[in-house]
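Encoded as structure tokens, the structure appears first; notes follow it.
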Amino acid sequence: MIRPLPLVFAALLLSACQADRPDTPEAGAQPAPATADPERANDGAVVAAYACEGGNTVELVREGRVARASLSDGRTIRLGEMAGSTPPTWSDVGLRFVVDGDFIELAQTNGEYSLSCSPM
């Protein structure tokens, strides 16, 4: 003979456990888009543009004195020109952008990673 009381109790306990479980995000949910960079309008015309691995881009602005790196995580970082550098190099905040003929690279200055780039 099956006693209904333990089965009812087990069902209530199971439903209570599932009610405490946090909602899972929808499959395929996209992260919120990055907000537009308010300083972009002050950078002036783009004199050269490069596409780098991983969806990153670098644009030379302010007559080539600044390399504006738009990273795939939504950040925009401006790298200042290292005057007189050979090959031409822009650097700041642990990043370096180098253009030497066919060799174009966006890299961490500590050498942890480097991304190859090509003209757009």
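Just so you know, all these numbers are worked out from the coordinates, no wet-lab data involved. Quick caveat: nothing in here was measured; it's all calculated off a predicted structure. Glycine also receives a Cβ, built like all others from the backbone with ideal geometry; neighbour counts cover every protein chain displayed.
Summary table
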{"read-out": "Spin-label pair Glu53/Gln108, simplified geometry with 7 Å Cα→Cβ offset, distance in nm", "value": "1.4 nm"}
{"read-out": "Label point distance in nm, Ser116-Arg75, each placed 7 Å from Cα along Cα→Cβ", "value": "2.5 nm"}
{"read-out": "Proxy reagent accessibility, fewest Cβ within 10 Å first, across Arg40, Arg78", "value": "Arg40, Arg78"}
{"read-out": "Sorted largest first, extent of the stretch 42-119 alpha carbons per principal axis (Å)", "value": "29, 28, 24"}
{"read-out": "Two-site label geometry, Val93 and Ala41: point separation in nm, points 7 Å out along Cα→Cβ", "value": "2.1 nm"}
